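Novice: I'd like to ask you about the structure that follows.
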């Protein structure tokens, strides 16, 4: 699973309708260009591809009075909404998810109802523990990695990563169950998007004329 589809769908969905540079600007504002493959070319390509696939609807907007080519604004379709929530749930539950995918899932966690978010995170812990039990059936962390030669360091890395991931997830569950954050159906959630024309301190560049993707 690629993080870019989830990130782009989620970013467009938060705006309602958004053009390519808005999506790029938001993802850079979140730092996604540092921890994922959300680079400008990937973002614009994803927008066009998902429009072709019926996940986004492309609106051609008339050019401004200042001139320039028309700008395309994107809106998530019903099919795109279904795909978005499928990707989001998968990102949160898969124990072996890549960090960029998990990060994208956490970024959109509040689009779910609180009870479902807790259930999905609990499922992630269960899958981590299930994987760990399978691995430690023939590798005992307490005996150290040397039991398998230097290859044991690989198992040591993965077991420690799994333990850290489970501990972090349990902490998040505790915070969510304790009332942290505003989830779907509870009011207006925090939305980390930039208003039109708002300066982005993390931008990697400026849009070119007609940069609408």
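The values are calculated or read from the model by the stated rules, or taken from the named source; none is laboratory data. Remember, it's a predicted structure, so these values are computed and weren't measured experimentally. Virtual Cβ from ideal backbone geometry, glycine too; neighbours counted across all protein chains shown.
Novice: I'd like the full set of residues that are within 19 Å of residue 111 (Cβ to Cβ) and crowded, with 21+ Cβ neighbours inside 10 Å, limited to the range 6-29.
Specialist: Answer for the range 6-29, where residues must be within 19 Å of residue 111 (Cβ to Cβ) and crowded, with 21+ Cβ neighbours inside 10 Å: 6, 7, 8, 9, 10, 11, 12, 18, 22, 23, 26, 27.
Novice: Follow-up question, since we're still on this one. Out of curiosity, is residue 189 under 20 Å from the mean Cα position of the chain (by Cα) and at pLDDT below 95?
Specialist: Yes; evaluated as a whole, the condition is true for this residue.
Novice: Go through the range 8-65 and give me each residue that's closer than 17 Å to residue 80 by Cα and assigned to a strand (DSSP E or B).
Specialist: The answer is 18, 19, 56, 57, 58, 59.
Novice: Here's something else I'd like to know. Looking at the range 70-77, can you tell me whether even one residue there is modelled with pLDDT of 95 or more, crowded, with 18+ Cβ neighbours inside 10 Å and in contact with a helix residue (DSSP H, G or I) (Cβ under 8 Å, 6 or more places away or on another chain)?
Specialist: yes
Novice: Can you confirm whether residue 88 is surrounded by 13 or more Cβ atoms within 10 Å (Cβ to Cβ), within 11 Å of the chain's Cα centre (by Cα) and part of a helix (DSSP H, G or I)?
Specialist: Criteria met by residue 88.
Novice: Among the candidates 99, 155, single out the residue that is under 21 Å from residue 4 (Cα atoms) and touching a helix residue (DSSP H, G or I) at 6+ places or on another chain (Cβ under 9 Å).
Specialist: Answer to the selection: 99.
Novice: Based on what the data block shows, is residue 178 modelled with pLDDT of 95 or more and closer than 30 Å to residue 60 by Cα?
Specialist: no
Novice: It is to be established whether one or more residues within the range 50-65 are under 12 Å from the mean Cα position of the chain (by Cα) and crowded, with 17+ Cβ neighbours inside 10 Å.
Specialist: Checked the range 50-65: no residue is under 12 Å from the mean Cα position of the chain (by Cα) and crowded, with 17+ Cβ neighbours inside 10 Å.
Novice: Of everything in the range 21-49, what is in contact with a helix residue (DSSP H, G or I) (Cβ under 7 Å, 6 or more places away or on another chain) and under 20 Å from residue 78 (Cα atoms)? Give them in sequence order.
Specialist: Selection gives 23, 46, 47.
Novice: From the list 125, 118, 110, which one is in contact (Cβ under 8 Å) with a residue 40 or more places away in the chain, within 24 Å of residue 27 (Cβ to Cβ) and out of contact with any strand residue (DSSP E or B) (no Cβ under 8 Å at 6 or more places or on another chain)?
Specialist: Result: 110 is the single residue among 125, 118, 110 that is in contact (Cβ under 8 Å) with a residue 40 or more places away in the chain, within 24 Å of residue 27 (Cβ to Cβ) and out of contact with any strand residue (DSSP E or B) (no Cβ under 8 Å at 6 or more places or on another chain).
Novice: Could you look through the range 105-115, keep only residues that are within 17 Å of the chain's Cα centre (by Cα) and assigned to a helix (DSSP H, G or I), and pick out the one that is surrounded by the most Cβ atoms within 10 Å (Cβ to Cβ)?
Specialist: Applying the filter and picking the extreme gives 105.
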